Every structure is written in C-alpha cells, then in structure tokens.
Amino acid sequence: MFIYQYSDIEDNVDSSKGAINLLYNATPNQQFSIEVNNTYNGKLKDEFGENAKVTNGNIIGTDENCAAKINTALLEK
C-alpha cells in the first residue's frame, strides 16, 4: 500500500487506524498474505479543521514586519 502524505503532517495524521495481516508459508519459497485494514481517517474538516489552508511554498512578498507572505489556498478534498 502506498500512501502519499505531506511531510509537514506525516507524524500527526494516521495512515491506518487498524490492520491485521495473516501470512501462510505454503513452501519455503512461497508465501500467501491476506491483509485487512481500516484507512478511514474521518472527515477532512475533523482532521484539519474548518478553512484549513495549504501552500505550495511560493513567497508572494513581505508584510510590514518584513516577514515572508506565502501563497496559500483552502484545502480541498
């Protein structure tokens, strides 16, 4: 299973709430595997809050304190 996660939230969002993996070694060179998992993480607004924003990292200027203003957009499904 390949799960893409943004690096800034990787440690804060679970990719799987629960899983079980059963293995059977039929011969020394063959193995059967069955996996059942629950990847439901809830609704987007429950995980990230209302009006969550994302950024592509582009700086669009500076504010009055010379801090970088970064381009943001609302998080979408």
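Just so it is clear, none of the values below were taken in a lab; they were calculated from the coordinates. Here the structure is a predicted model, which is why all the values come from computation and not from measurement. We place every Cβ from the backbone using ideal geometry, glycine too, and count neighbours over all the protein chains shown.
Structure notes:
- In this structure, the amide hydrogen of ALA52, modeled 1.01 Å from its nitrogen in the peptide plane, lies closer than 5 angstrom to those of LEU75, counting only residues at least 5 positions away or on a different chain.
- The HN-Hα couplings worked out from phi for the stretch 48-55 by the Karplus form 6.51 cos²θ - 1.76 cosθ + 1.60 (θ = phi - 60°) are 10, x, 5, 6, 5, 10, 10, 9 Hz, whole numbers, x standing for Gly and Pro.
- Lys/Arg +1, Asp/Glu -1 at C-beta; the stretch 18-74 dipole; positive extreme among VAL54, ALA26, GLY42: ALA26
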